[in-house]
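I have placed the structure first, in the form of structure tokens, so that the comments after it can refer back to it.
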Amino acid sequence: QVYLVESGGGLVQPGGSLRLSCAGSGSIFSIPSMGWYRQAPGKQRELVAHITSGGTTNYADSVKGRFTISRDNAKNTVYLQMNSLKPEDTAVYYCNAEIIAVDRRFRTYWGQGTQVTVSS
């Protein structure tokens, strides 16, 4: 089975930093794209950042200049470096990946979610 495992969430003060990680495991052939979404209480889930296997990135306007998405293709892992965190960044962050399995099946997968809380 193919699955995603997230880590790196936690409690941080405003202005602080966190780095989220998401690793794909299982019979993976390739991962054309990976990204991070977040959902705050009472709000819609929104795209935070996205990256293709070729390194093309996309960010939500609210995080541009503060967050950086990157990936290690050899490790099937995507990272989200979050700097200058604000209280409004508080949310559950979900990893998302388009994955081609070794049998050539193409599916979209979600991580389990990790809580990020920015508070004094």
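Look at the range 1-19: where a residue is β-branched (Val, Ile, Thr) and a partner is open to solvent by 70 Å² or more (accessible area, probe 1.4 Å) and part of a strand (DSSP E or B), sitting 6+ places away or on another chain with Cβ atoms under 9 Å, you get Val2/Arg107. With respect to the conditions (1) under 27 Å from Val118 (Cα atoms); (2) open to solvent by 30 Å² or more (accessible area, probe 1.4 Å); (3) of a type in the set (Asp, Glu); (4) part of a strand (DSSP E or B), Glu98 falls short on a single one, namely (1). From Gln81, Gln44, Gln112, which residue is of a type outside the set (Asp, Glu) and part of a strand (DSSP E or B)? The match here is Gln81. Selection within the range 71-91: residues that are open to solvent by 40 Å² or more (accessible area, probe 1.4 Å), under 20 Å from Glu6 (Cα atoms) and not charged (D, E, K, R). The member of this set that is farthest from the chain's Cα centre (by Cα) is Ala74. Quick test of your reading of the structure: Thr114 fulfils all but one of (1) out of contact with any helix residue (DSSP H, G or I) (no Cβ under 9 Å at 6 or more places or on another chain); (2) open to solvent by 30 Å² or more (accessible area, probe 1.4 Å); (3) not aromatic (Phe, Trp, Tyr). Name the failing condition by number. For Thr114, the exception is condition (2). Quick check on the range 27-62: of everything there that is hydroxyl-bearing (Ser, Thr, Tyr) and exposed (fewer than 12 other Cβ atoms within 10 Å of the Cβ), which residue is modelled with the highest pLDDT? So the residue we want is Thr56. When the range 1-13 is filtered for residues that are assigned to a loop (DSSP other than H, G, I, E, B) and touching a strand residue (DSSP E or B) at 6+ places or on another chain (Cβ under 6 Å), the ones remaining, listed by number, are Val2, Gly8, Gly9. The single condition among (1) at pLDDT 95 or above; (2) over 12 Å from the mean Cα position of the chain (by Cα); (3) assigned to a strand (DSSP E or B) that Gly65 does not meet is (3).
The values are calculated or read from the model by the stated rules, or taken from the named source; none is laboratory data. Since this is a predicted model, take the numbers as computed values, not measurements. When we count neighbours, we look across all protein chains shown, and the Cβ atoms used for this are built from the backbone with ideal geometry, even at glycine. Side chains are part of the model used for accessible areas, which takes the heavy atoms of the whole protein and leaves out ligands, DNA and RNA. Shrake-Rupley method; radii C 1.70, N 1.55, O 1.52, S 1.80 Å.
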